[in-house]
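Only the coordinates and a few stated rules stand behind these numbers; no lab work does. Please read these numbers as outputs of a predicted model, since none were measured by experiment. As a convention, Cβ positions derive from the backbone with ideal geometry for all residues, glycine included, and neighbour counts pool all protein chains shown.
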Amino acid sequence: MISEKDNNYWQKIAAWCGPVYAAVFIIFWGVLAHNLPPPSATFGPQELMDKYYIPYHDGILLGNVVSCIFGMGYCIWSAQLGIMMWKREKYPILAWTQIIGGVLTGWVLTEVPAMWATCAYMTGTLSAEHVWALHTEAWFIWTQTVWITWIQVFAAGVFAFLNHGEPRLFPKWCGWVGMASALTITPWFLIPYHKTGPFSIGGLITFWAAYGAWILFFVSFSIPMLRGVEKQAKYDASRI
């Protein structure tokens, strides 16, 4: 058996994996890899090379490689969130749904940056058309698998509404944040039909609003998670 002290220690690390990943993602994928905003979907093959992969080559490669390294942090954070939910469900369907959605999302957050890193790595070696095709495929995987993230944030939001035990794991407003996050990523299925405007890859709704809501979801659930683990550690210590 693992001691309560060691168990709480690893739970703290798991809970911190989320905020650490979020910070790394914003800095390396968003800023260093020049995805704030991402390159326009209107770019043709050579234009994508000239305006994105050639001038920002080193930043794109490093930013996406680091994003791959830390992508599994999202899986660990999701697992910790699921365990905390599981303890409060008689039949943990919401916990399992959240864990499955979170782990699959973590895979996407690792796999797809590797594809963009490959695009940068192959720039100047493969034709512009081949790099453009891989770049576009990566964005389609990134956006059209959004439903695995949707079930995660939706399940977490529903749990925040329904969990009435004392002390509450999440305040009720976290439920509204989960619902809002699910709502903002729902229009991502429209991205293949819009190269410009609010529903495009870098659009106001499908990029800025969606990622803003996702970060809010992350923060609003991470803070109660960290507090919950700390309270559990103090409770266990008091029994010794």
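Look at Ile151, Ile201 and count the other Cβ atoms within 10 Å of each Cβ; fewest to most, that gives Ile151, Ile201. Across segment 1-119, Cα pairs under 8 Å and at least six residues apart give a relative contact order of 31 percent.
Here the chain is treated with +1 on each Lys and Arg Cβ and -1 on each Asp and Glu Cβ, and its dipole about the Cα centre works out to around 980 debye.
Between 0 and 90 degrees, the angle of helix 210-238 with respect to the longest Cα principal axis of the chain falls at about 30 degrees. Counting Lys and Arg as +1 and Asp and Glu as -1 over every other residue whose Cβ lies under 14 Å from the Cβ of Cys174, the net charge comes to +4.
The ranking of His57, His135 from fewest to most other beta carbons within 10 Å of each one's beta carbon is His57, His135.
Over the chain, with a single point scatterer placed on each C-alpha, what log10 of the ratio I(q)/I(0) does the Debye formula yield at q = 0.14, 0.16 1/Å? Summing over Cα pairs of the chain leads to -0.89, -1.09.
What the phi angles of segment 169-175 give under the Karplus curve with 6.51, -1.76 and 1.60, with θ = phi - 60°, is a coupling list of 6, 10, x, 4, 5, 4, x Hz, glycine and proline written as x.
For segment 190-207, the Karplus equation 6.51 cos²θ - 1.76 cosθ + 1.60, evaluated at θ = phi - 60°, returns couplings of 8, 4, x, 9, 9, 9, 9, x, x, 10, 8, 4, x, x, 4, 7, 7, 10 Hz by residue, with Gly and Pro reported as x. Against the main long axis of the alpha-carbon atoms of the chain, helix 128-144 sits at an angle near 30°.
Per-residue Karplus couplings for segment 93-107, computed as 6.51 cos²θ - 1.76 cosθ + 1.60 with θ equal to phi - 60°, are listed in order as 5, 5, 4, 5, 4, 5, 5, 4, x, x, 5, 5, 5, x, 5 Hz, Gly and Pro entered as x. For segment 4-238, the number of Lys pairs separated by eight or more positions or lying on different chains, with C-alpha atoms closer than 15 Å, is 5.
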